[in-house]
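Below: the structure, in structure tokens.
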Amino acid sequence: MKKILSFILCAMLLNATSLAFAVESVSTTEHLKLPKKLAKKTPTNIVNTNETLVSVLEYNTMQITFAEDFSSKTAKVGDEIPFLLENGAYTNEGTEVLPPSSKIIAEITEIEKPKAFNRSGKVHLNFKYVELPDGKQIPIEAKLFAKKDFLYRGKLNAMGKGLGSTLGGMAIGTAAGCGIGIAAGAVVVGGLAIGMPIGFAVGGIAGLVTPGLSYKAKAGDKVNIQLLDDLKIQK
């Protein structure tokens with residue numbers, strides 16, 4: 001009789017364990033909530049969730065912001081840059097993926113200084129982990145979700161610098177345009193030379209041979225990243 005009771009109890013225990021495991025293993029497919037522009041570009045927004053785990057699948061994208069001002073002039077390789085998920089991350093179905101004020105920490109792996117011909121400085125990053133508000137860290141594998149896999153300022157920004165810069169204490173660009181326009185016999189109307197576009201062209205050329213810009217960002221500036229592996233968050 002005792003053996004029979006023991007057998008029944010063991011069977012009940014095994015069934016209960018199996019049932020609990022089955023409940024935990026049931027996964028629901030949800031969708032990561034994204035800003036409209038990013039949602040149109042993202043390869044996927046699938047999130048799998050069950051009783052104990054939220055898995056943001058590989059190739060998902062997220063929008064993060066600089067937590068503080070940044071300049072490549074003062075930064076150095078090995079520095080960590082904190083990015084912020086100020087409002088957290090959620091699915092369209094309402095599941096919390098990451099709580100508000102979570103941070104994503106990236107390490108600077110390389111800094112390329114600005115070069116001539118408006119080749120702007122570049123900052124290469126390695127995204128390392130997510131830091132939750134309670135201090136818990138979750139490993140993350142991600143890259144910048146952009147045309148380039150590094151931070152930089154475009155050529156148009158750098159050329160704008162060239163048009164408004166000075167050379168030997170004398171302004172180039174508009175001022176040079178006035179001078180060249182008059183020298184070329186241009187008519188002056190209201191103090192402006194008709195030949196001014198020539199000066200803009202010269203200013204642009206001068207801008208092209210000047211160095212590009214260092215990379216700068218202000219707290220709150222947006223950056224998009226893409227996961228290179230599933231991001232798993234324990235509930």
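Quick notes on this structure:
- Qualifying position, being of a type outside the set (Lys, Arg), in contact with a helix residue (DSSP H, G or I) (Cβ under 9 Å, 6 or more places away or on another chain) and at pLDDT below 95, among Glu24, Glu86, Glu51: Glu51
- Test result for Ser120, surrounded by 15 or more Cβ atoms within 10 Å (Cβ to Cβ) and in contact with a helix residue (DSSP H, G or I) (Cβ under 6 Å, 6 or more places away or on another chain): yes
- For the residues Asn50, Asn92, Asn60, the requirement of being surrounded by 17 or more Cβ atoms within 10 Å (Cβ to Cβ) and assigned by TED's automatic domain parsing to the domain that holds Asp221 singles out Asn60.
- Of all residues in segment 118-136, those satisfying the criterion of being in contact (Cβ under 8 Å) with a residue 24 or more places away in the chain and either assigned to a strand (DSSP E or B) or not assigned by TED's automatic domain parsing to the domain that holds Asp79 (or both) are Arg119, Lys122, Val123, His124, Leu125, Phe127, Lys128, Tyr129, Val130, Glu131.
The values are calculated or read from the model by the stated rules, or taken from the named source; none is laboratory data. The model shown is predicted, which means the values in this text are computed figures rather than measured ones. Methodologically, a virtual Cβ is constructed for each residue, glycine included, from the backbone with ideal geometry; neighbour enumeration extends over all protein chains shown.
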